[in-house]
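The values are calculated or read from the model by the stated rules, or taken from the named source; none is laboratory data. Because the structure is a prediction, the values reported are computed rather than measured. When we count neighbours, we look across all protein chains shown, and the Cβ atoms used for this are built from the backbone with ideal geometry, even at glycine. Side chains are part of the model used for accessible areas, which takes the heavy atoms of the whole protein and leaves out ligands, DNA and RNA. Shrake-Rupley method; radii C 1.70, N 1.55, O 1.52, S 1.80 Å.
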Amino acid sequence: MFVSVAYRRQLILRLVFLTTLLAFSAKGESSGSLHGRVVDPLGSPVPNATVVLLQDDREIVRGKSDTEGSFELSVPASGRYSVQVEAMGFATENVPRVSLASGRTQELTVSLRIGSLPQQVVVSATGTATPESQVGASVMLIDSMEIGSLNKLDVLEDLRFVPGAQIVQNSQRGGTASLFIRGGESNFNKVMVDGIPVNQIGGAFDFAQLSNNGVSSVEVLRGANSVLYGSDALGGVVNVTSPRGTTAIPELKYSVDGGNFGTLNQDVSLGGAFHGFDYFSEFSRFDTQGSYPNNFFHNATVSANLGWDIAPTTGIRATVRHTTTDLGAPNGIDFYGISDDSTSRNENTYVGVTAQQQTNVRWHNSIQFAFAQFTSVFDNPSPTGEPFDPFGFGPSYLGNVVTIRGANGFSTTGQAILDFGGVYPESFPDYEARRSVYAQSDYRFFRDWTGVFGFRYEHEDGEKLTRNNYSGFLEGHGSIAHRLFLTVGVGLENNAVFGFAASPRVSLAYYLRNPSGDDFLGATKLKFNFGKGIKEPSTGQQASALFNILTPGQITQFGVSPVGPERSKTYDAGVEQRLWHGRATAGLTYFYNRFYDLIAFLDPASLVSIGVDPGAAQATALGGGAYVNATSERALGAELESRIDLGHGLLFQGSYTYLDAVVTKAFGFASINPVFPSIPIGAFSPLQGARPFHRAPHSGSFIVMYNKRKWNAAFSGYLVSRRDDSTFLEDGFFGNSMLLPNRNLAPGYQKLDLSVGYALTHYARVYTSMENLLSQHYQPVFGFPAAPFTIRSGITFTLGGNREWWK
């Protein structure tokens, strides 16, 4: 009996405890809510819109927006949801990832689009996610659909289709690739990967090192924005974003393809989401031998994006990207007739950890720690070419006898120095690193006005120099009557080299006609943007700057200041017109850029000519001169762009850019080829009054994409006119006989590509990618021919990721 009573008491206590626990759990799992607004492209409320909350494609609850566009849905349990919104006269909008929690209210604003063209949401213009329709800056977003349709291996190929942008790659795959935006230099662009600054110190960035592995979108801002991004955003901003896992069932993809020139490409990725965690990781390996000796390229890239929603209003995200490349450096095969035996190895690592918190419906905060490291080694194991020693000081090494013909009608025949005399093997290592902390706080003061504050600290290492830089900014953006959209800000920089600098920016958009899907002629948007930009010197420029060469006594005696920032003023204004019931857009933009206080290396005589004391100039004679702020450039032009949904799965996108760029101040000496004695030539840099090298006056691009049922295809073209350049060559006597006049030296070209894919099943897809369909012998950099016709064919397997596969 005693055991029975004890057992009963124990059973009663367990039942009471369990009942209490269940009651507490029920209280903890009380329903939450999703509250939000449905608005049109200009932020005006959309009444009577249907809002559906989904989870794993199952409808959980639905509701309607009121006359103010507001809605509220009850959330039965914590989890990841998606939201679908429909309204008369608008395209259906899907929000794929919304984290909700019981007992909490989550805010969401859904912006609907008119017509079938996607509505782009951009960040680089304002610092917060904003519909492109509400910004006055020139911004283009290359989304995952376009990247997938093009089926290109590198981000540089995606950038060819940005109006005002020109990609110039030295030689074939793996050769140094530079981006020129609206006539600026290639180191005038701030480049970021998941918010991590990845420029080398001084602004340089080689896009050949950035594959499409782990890339979901690329956003490009044309124009200065040193307010938000500080140094290096002199002419533009490029922001690359990696994918996030979204599916409850893990999705595994494996692709393999091969092609001519010994090409093999493999890629594997895994992504998904579980409760508050999401994950995505990708590894790729690309190998090719190129079309001529020592033109190999190997790229191994691994990337990852991991997120954890600690709460619906708080999250942590970590991203990492590591790239290792090996390549041959054959030099300009058209200049020498033989390949050099040099090689290069590069390793780039980018790491970022970001924490964000939505304090309330108005106030959002984030902080990011970022690390970027760059290491490279350039090796020349032995001299290549024919030894030639006309002066008895040791031989230089000449290439074969070649005839070089420019697109301007001039030509020359002879042998140029391929390798100079010296001690071999030669090795040139380089190391740079940047560590930064960036904090941002944005607060919505009124329904349509937001203030943004940011602070950044950077620690830079390179060439035995270190810097500690600080910057901050204030910006406000909002609208008046949902017709005028305004962004105003100022950035403040305290740089270890040049000290303090301020950079303001103003941008506005005004709608002459509001969006409408009923008329053939839709919204008419006028836009204007002005900004000042700054760029810090590279570590090499800092080390050889006039200020750093002189002794402290000489600095005081001659009144020399540290090298200053390079500066820019950029303006653009234009009109954008929606057409054909929202199925087409057309835009025309005029831009004017002035780049000044540019850093140049001047010899002692040139230093004196700009006002440097002769005594200070003479102190630089041993090194041949010094770096100072001395030169300037001007670029103006116009961009025409269009996008049309042709129906039946066809989408057209095209652009044309006219560029008038000129060097307004320069100190380079003119060289003379005896064959053309009356024509001054800029051997290593453009002369004053000439066009900058590599920038074409006329350029354009187009894409025709097809996506329907099992087929997808993309036919694309990139068209470039003649442009100024130099051979940069010396003959065996260190003379100028191998130089050609700069004007229109490099020939124009047309690069036509085609990509086709077909889904065999839900989990297998075959594809073919062909580049340079015409097999044109074109030279993006004069003397360095690009690859002829190339083809890759392969298959992609996909496992998991959706419910249908398991069925």
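Worth a mention:
- Tabulated pairs, the stretch 169-185, first more than 28 Å from Phe296 (Cα to Cα) and open to solvent by less than 10 Å² (accessible area, probe 1.4 Å), second of a type in the set (Gly, Ala, Ser) and not in a loop (DSSP other than H, G, I, E, B), C-beta under 6 angstrom, 6+ apart or interchain: Ile181/Ala165; Ile181/Gly236; Arg182/Ala635; Gly183/Ala635; Gly183/Ala661
- Scanning the stretch 142-159 turns up no residue that is part of a helix (DSSP H, G or I) and over 26 Å from Arg321 (Cβ atoms).
Each row is one residue, and each column tells you yes or no for (1) modelled with pLDDT of 95 or more; (2) open to solvent by 60 Å² or more (accessible area, probe 1.4 Å); (3) of a type outside the set (A, V, I, L, M, F, W, C).
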| position | (1), (2), (3) |
| --- | --- |
| Asn348 | yes, no, yes |
| Gly352 | yes, no, yes |
| Asn360 | no, yes, yes |
| His364 | no, no, yes |
| Gln368 | yes, no, yes |
| Asp389 | no, yes, yes |
| Phe393 | no, yes, no |
| Phe410 | yes, yes, no |
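- For Asp326: the one exception among (1) out of contact with any Lys or Arg (no Cβ under 6 Å at 6 or more places or on another chain); (2) open to solvent by less than 60 Å² (accessible area, probe 1.4 Å); (3) closer than 18 Å to Thr343 by Cβ: (1)
- Scanning the stretch 603-610 for residues that are closer than 27 Å to Ile181 by Cβ and either among the small types (Gly, Ala, Ser) or touching an Asp or Glu at 6+ places or on another chain (Cβ under 9 Å) (or both) turns up nothing.
- Subset of the stretch 73-94 (residues that are open to solvent by less than 30 Å² (accessible area, probe 1.4 Å), within 24 Å of Asp278 (Cβ to Cβ) and not hydroxyl-bearing (Ser, Thr, Tyr)): Leu73, Val75, Gly79, Val83, Val85
- In the stretch 651-688, of all residues being free of Cβ contacts under 8 Å to residues at least 60 places away in the same chain and open to solvent by less than 40 Å² (accessible area, probe 1.4 Å), the one that is nearest to Tyr718 (Cα to Cα) corresponds to Gly654.
- Top-ranked residue of the stretch 329-346 - restricted to ones that are among the small types (Gly, Ala, Ser) and assigned to a loop (DSSP other than H, G, I, E, B), ranked as least open to solvent (accessible area, probe 1.4 Å): Gly332
- Picking from residues in the stretch 58-72 that are in a strand (DSSP E or B) and among the small types (Gly, Ala, Ser), the one that is surrounded by the most Cβ atoms within 10 Å (Cβ to Cβ) is Gly63.
Here's the yes/no breakdown for (1) outside any loop (DSSP other than H, G, I, E, B); (2) within 30 Å of Ser255 (Cβ to Cβ):
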position	(1), (2)
Gly735	no, no
Met738	no, no
His762	no, yes
Tyr767	yes, yes
Met770	yes, yes
Tyr778	no, yes
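- Any hit, the stretch 147-158, residues being open to solvent by 10 Å² or more (accessible area, probe 1.4 Å) and more than 21 Å from Val256 (Cα to Cα): no
- Condition check for Phe378: part of a strand (DSSP E or B), under 21 Å from the mean Cα position of the chain (by Cα), surrounded by fewer than 16 Cβ atoms within 10 Å (Cβ to Cβ) and not hydroxyl-bearing (Ser, Thr, Tyr): no
- Pairs where the first residue, in the stretch 443-457, is of a type in the set (Asp, Glu) and the second is open to solvent by less than 30 Å² (accessible area, probe 1.4 Å), C-beta under 8 Å, 6+ apart: Asp448/Gly43; Asp448/Gly478; Asp448/Ser479
- If you go through the stretch 750-780 and pick out every residue that is modelled with pLDDT under 95 and of a type in the set (Val, Ile, Thr), you end up with 1.
- For the stretch 707-717, the tally of residues that are in a strand (DSSP E or B) and surrounded by fewer than 20 Cβ atoms within 10 Å (Cβ to Cβ) stands at 5.
- Filtered by the rule that a residue be buried (at least 19 other Cβ atoms within 10 Å of the Cβ) and of a type in the set (Val, Ile, Thr), the stretch 759-794 gives Val781, Thr790.
- Just so you know, in the stretch 488-527 the residues that are polar (S, T, N, Q) and in a loop (DSSP other than H, G, I, E, B) include one that is most open to solvent (accessible area, probe 1.4 Å), and it is Asn514.
- Taken over the stretch 217-230, the criterion of being of a type outside the set (Phe, Trp, Tyr) and either open to solvent by 10 Å² or more (accessible area, probe 1.4 Å) or not in a loop (DSSP other than H, G, I, E, B) (or both) is satisfied by Ser217, Val218, Glu219, Val220, Leu221, Arg222, Ser226, Val227, Leu228.
- Any hit, the stretch 740-753, residues being under 26 Å from Val401 (Cα atoms), small (Gly, Ala, Ser) and in contact with a Phe, Trp or Tyr (Cβ under 7 Å, 6 or more places away or on another chain): yes
- Residue in the stretch 260-270 that is of a type in the set (D, E, K, R) and surrounded by fewer than 23 Cβ atoms within 10 Å (Cβ to Cβ) present: yes
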